[in-house]
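The values are calculated or read from the model by the stated rules, or taken from the named source; none is laboratory data. Predicted model only: the values in this text are computed from it and were never measured. Using ideal geometry, Cβ is built from the backbone for each residue, glycine included, and neighbour counts are taken over all protein chains shown. Ligands, DNA and RNA are excluded from the accessible area calculation, which covers all protein heavy atoms including side chains. Shrake-Rupley method; radii C 1.70, N 1.55, O 1.52, S 1.80 Å.
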Amino acid sequence: MKKRLCKVGIILYLLISLLYIGEIALAQQQNIPTDLSMPQPEQQTTKAPKMTLWNLLVAGGPVMIPLGLASIIGTALIIDMLVFKLKAKNFSDPKLVEEVNKLILEKQYDKAMELCKNSNLAIMKAFLAGIEKRDYRKSDIEAVIAETLDKVIGDLTQENMYINSVAVIAPMLGLLGTVTGMINAFNVIAFQAGLGKPELLAKGVAEALITTAAGLIIAIPVMSFYFFIRGKIRNIATHLSVLASDFIDNLCYSKRGTTQEE
């Protein structure tokens, strides 16, 4: 199911990303008369051939290949983060959190540890680490819980940085295509009499413009998703920090009560 969803998202993203380029190319296809001094109605009504999406990709030159790979990688990472990694149920469950805190206040540490072990939630792993260190000082308990949560948040942040890398690399690849396209255009002028054959010159210019547009079309939405995901990660970190703080207070209160009874 996960692989199927990723494939669908990748296909849709590629189509949407390249649709804008296709619209620009088709809009620029105009029927221009070859002889302005002798109007020819038949030539004026003749429509220029339409450029297909495949022709547009080919016109972008070899740089379109790494741009396509960047689009696929960025889309796969975004889908993985939004659909699978950032689900709220992966981090905490209000009922489980409340039950563990209740067991802690009742000094039923073994039951609380068993409940934490049977859960894959990030906050439960932190609670388990704290209960195992319940005989330590409060600062030590805070440190071990913080270390557990930092690992979870760090993994999410690292994957989000991969998304940011795609957003940074895509425009650079587009710029590379711009440079290679202009080099091809100037080579036509220098060695193939491009001024007398504008269609040859236009090929290099088209390559430069298409790759530039493709790089920006990929980078802009990917960068937007990067900032959006970064905000969600910060919200998750804040929420887990609040839950951990309440748990530590309950655990320390429970320990004080045990000490007084003894």
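Against the list (1) open to solvent by less than 60 Å² (accessible area, probe 1.4 Å); (2) closer than 30 Å to Phe228 by Cα; (3) part of a helix (DSSP H, G or I); (4) touching a helix residue (DSSP H, G or I) at 6+ places or on another chain (Cβ under 8 Å), the condition Ala143 fails is (4).
Taken over segment 66-119, the residue count meeting the criterion of being among the charged types (D, E, K, R) and open to solvent by less than 40 Å² (accessible area, probe 1.4 Å) is 1.
Residue-by-condition table, conditions (1) within 28 Å of Asp80 (Cβ to Cβ); (2) modelled with pLDDT under 95; (3) among the hydroxyl-bearing types (Ser, Thr, Tyr):
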position: Lys107; (1), (2), (3): no, yes, no
position: Lys111; (1), (2), (3): no, yes, no
position: Tyr136; (1), (2), (3): no, yes, yes
position: Val152; (1), (2), (3): yes, yes, no
position: Glu159; (1), (2), (3): yes, yes, no
position: Leu176; (1), (2), (3): yes, yes, no
position: Val188; (1), (2), (3): no, yes, no
position: Phe191; (1), (2), (3): no, yes, no
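Considering only residues in segment 120-134 that are of a type outside the set (A, V, I, L, M, F, W, C) and without any contact (Cβ under 8 Å) to a residue 60 or more places away in the chain, the one that is least open to solvent (accessible area, probe 1.4 Å) turns out to be Lys133. The single residue among Ile169, Ile236 that is surrounded by 18 or more Cβ atoms within 10 Å (Cβ to Cβ), of a type in the set (Val, Ile, Thr) and within 30 Å of Phe127 (Cα to Cα) turns out to be Ile236. Residue count for segment 146-166 satisfying the condition of being open to solvent by less than 70 Å² (accessible area, probe 1.4 Å) and under 26 Å from the mean Cα position of the chain (by Cα): 13. It is to be established whether one or more residues within segment 118-130 are aromatic (Phe, Trp, Tyr) and within 29 Å of Leu240 (Cα to Cα). Yes: segment 118-130 contains one or more residues that are aromatic (Phe, Trp, Tyr) and within 29 Å of Leu240 (Cα to Cα).
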